[in-house]
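Visitor: I have a structure I would like to understand better, so I am pasting it below and will then ask my questions one at a time.
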Amino acid sequence: MSQSRNRLAIACGVVNQKPDGSGDPHPYEDLAEFGRDRWEPRALEDAHIVVYALPYQEGAETRKVAEAARDAGLPCVFFRANDDPTPANPPWGVVYRTSLYRSRLTPRERAMPSFTEDLLRECGSTVVPRRKGERPSVGFCGHVGSAKDRLVENVIGILRGNRDKAIGMSLRQRALEHLRKSPRVDTSFIPRTQIWGGAATGSAEWDAERRTAVRREYLDNILGNDYCLSLRGKGNYSFRLYEIFAMGRIPLFIDTDCVLPFEDEIDWRRNCAWVDVSDVGRADEILAQFHTDLHADDFVQLQLDNRQLWLDYLSPGAIYTRILDRALAANAASTASPRPSPSLRARGAGRPRRP
């Protein structure tokens, strides 16, 4: 795929690609098409917004980009879609990130969703809401590691001065054990001792077959339950959270000092069964009460609403549109003579295409 088609995804940080076009293939075809149809690269003097087209890192290059945007009076957007918890604070612009801690948030940082493809389309399905039962069912299919793995990760984390991965694995295990023992909820858990259920190793033929089976098991687990456990892994965010919304189900979200995207517009506590990490030992009680408080019709509607929320806010094209529109609007509000129409500069470049 050409660099021009990948430009949008590179900027968003969802594909590991270099400016010359080499690197990983583009995983989100819709985003590639969206970018190609909406934006075209332009020089700085003819752009309306600057988008840095590589994952953000503090340093001379990103400072130079931020300062150039500031001097030109343009909004500037950076992305960091990885587990890195290091605070970001460029001299100008905003860094949209996945792994954030609310207690460490800088004025230049905002949360962004993890990019996920349309899982319902992958399943060849549309939203089929589950009907409310007496007790909530909660699912989870994902990496937890073995007891030995968690011990090793904790020791490694102590030696390296970063226990993020060990903390995430231990929290998952603790939450699963608590919920599994509870008489208040029904559980359907598939804890993995290896990432992708071991499908990332072995021969190419075995990989393809195993990955297909593991993927199907994961999707079936989400679809087959009322709620799905969503809590951090190595980074302080949950990729799974956005996949649950894409599937039209309800997250049981464990808040570990997280910052969620578009908080000024989305009432996340309405769309999730919300549990503070300090209350993880009461997660079953909180979930059961959340479930009880929902009328049967509201339970169905919430699943439909969550799918619509993904389409409107959390799908790849929606994420990018909202982030850039916000940057442009904020810049217009703070500038005496705002530019009349939006355009993009992605590492040297951009203007929207006209219909």
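The values are calculated or read from the model by the stated rules, or taken from the named source; none is laboratory data. It should be emphasised that the depicted structure is a prediction, and the values quoted were computed from it without experimental measurement. As a convention, Cβ positions derive from the backbone with ideal geometry for all residues, glycine included, and neighbour counts pool all protein chains shown.
Visitor: Quick one: how many residues across region 23-74 are modelled with pLDDT of 70 or more and of a type in the set (Asp, Glu)?
Guide: Residues flagged as modelled with pLDDT of 70 or more and of a type in the set (Asp, Glu) within region 23-74 amount to 7.
Visitor: Just to confirm my filter: which strands (runs of 3 or more DSSP E) fall fully inside region 74-144 and include at least 3 residues that are under 25 Å from residue 166 (Cβ atoms)? Steps first, answer last, please.
Guide: Numbers: elements: 76-80, 94-97, 109-111, 137-143.
Answer list for region 74-144: 137-143.
Visitor: Among the residues of region 299-314, is there at least one that is more than 23 Å from the chain's Cα centre (by Cα), assigned to a helix (DSSP H, G or I), at pLDDT 85 or above and closer than 21 Å to residue 188 by Cα?
Guide: Looking for residues that are more than 23 Å from the chain's Cα centre (by Cα), assigned to a helix (DSSP H, G or I), at pLDDT 85 or above and closer than 21 Å to residue 188 by Cα, one finds at least one in region 299-314, hence yes.
Visitor: Quick check on my filter: what residues within region 155-199 are in a strand (DSSP E or B) and among the hydroxyl-bearing types (Ser, Thr, Tyr)?
Guide: 187, 188
Visitor: If we keep just the residues of region 118-163 that are under 17 Å from residue 194 (Cα atoms) and basic (Lys, Arg), which is nearest to the chain's Cα centre (by Cα)?
Guide: Residues of region 118-163 that are under 17 Å from residue 194 (Cα atoms), as a first pass: 140-154.
Remaining after also requiring basic (Lys, Arg): 148, 150.
Working: 148: 29, 150: 24 Å.
Selected residue: 150.
Visitor: Taking the conditions exactly as written (surrounded by 13 or more Cβ atoms within 10 Å (Cβ to Cβ), outside the structural domain of residue 85 (by TED's automatic domain parsing) and at pLDDT 90 or above), does residue 130 satisfy them or not?
Guide: On the way: surrounded by 13 or more Cβ atoms within 10 Å (Cβ to Cβ): yes; outside the structural domain of residue 85 (by TED's automatic domain parsing): yes; at pLDDT 90 or above: yes.
Yes: the conditions hold for residue 130.
Visitor: Name the residues in region 137-163 that are surrounded by 19 or more Cβ atoms within 10 Å (Cβ to Cβ) and either in contact (Cβ under 8 Å) with a residue 60 or more places away in the chain or acidic (Asp, Glu) (or both), would you?
Guide: Across region 137-163, the qualifying residues are 138, 139, 140, 141, 142, 153.
Visitor: Considering only residues that are in contact (Cβ under 8 Å) with a residue 40 or more places away in the chain and in contact with a strand residue (DSSP E or B) (Cβ under 8 Å, 6 or more places away or on another chain), which ones fall in region 276-289?
Guide: Residues of region 276-289 in contact (Cβ under 8 Å) with a residue 40 or more places away in the chain: 277, 280-281, 283-285, 287-288.
Residues satisfying the conditions are 277, 280, 283, 287.
Visitor: Let me ask something else. If the requirement is being in the same structural domain as residue 227 (by TED's automatic domain parsing) and touching a helix residue (DSSP H, G or I) at 6+ places or on another chain (Cβ under 7 Å), which of these qualifies: 304, 309, 287?
Guide: Values: 304 fails: touching a helix residue (DSSP H, G or I) at 6+ places or on another chain (Cβ under 7 Å); 287 fails: touching a helix residue (DSSP H, G or I) at 6+ places or on another chain (Cβ under 7 Å).
Going through 304, 309, 287 in turn, just one is in the same structural domain as residue 227 (by TED's automatic domain parsing) and touching a helix residue (DSSP H, G or I) at 6+ places or on another chain (Cβ under 7 Å): 309.
Visitor: Considering only region 65-93, how many residues are closer than 22 Å to residue 328 by Cβ and of a type in the set (D, E, K, R)?
Guide: Total satisfying the criteria: 4.
Visitor: Would region 318-334 turn up any residue that is surrounded by fewer than 12 Cβ atoms within 10 Å (Cβ to Cβ), touching a residue at least 40 places away in the same chain (Cβ under 8 Å) and either in a helix (DSSP H, G or I) or under 20 Å from the mean Cα position of the chain (by Cα) (or both)? Explain how you work it out, then say what you get.
Guide: Taking region 318-334 first, the residues surrounded by fewer than 12 Cβ atoms within 10 Å (Cβ to Cβ) are 333-334.
Subsequent filtering for residues that are touching a residue at least 40 places away in the same chain (Cβ under 8 Å) retains none.
No; the residues of region 318-334 include none that is surrounded by fewer than 12 Cβ atoms within 10 Å (Cβ to Cβ), touching a residue at least 40 places away in the same chain (Cβ under 8 Å) and either in a helix (DSSP H, G or I) or under 20 Å from the mean Cα position of the chain (by Cα) (or both).
Visitor: If you don't mind, another one. Looking at residue 93 and the list (1) within 24 Å of residue 265 (Cα to Cα); (2) in contact with a helix residue (DSSP H, G or I) (Cβ under 6 Å, 6 or more places away or on another chain); (3) surrounded by fewer than 21 Cβ atoms within 10 Å (Cβ to Cβ), which single condition is not satisfied?
Guide: (3)
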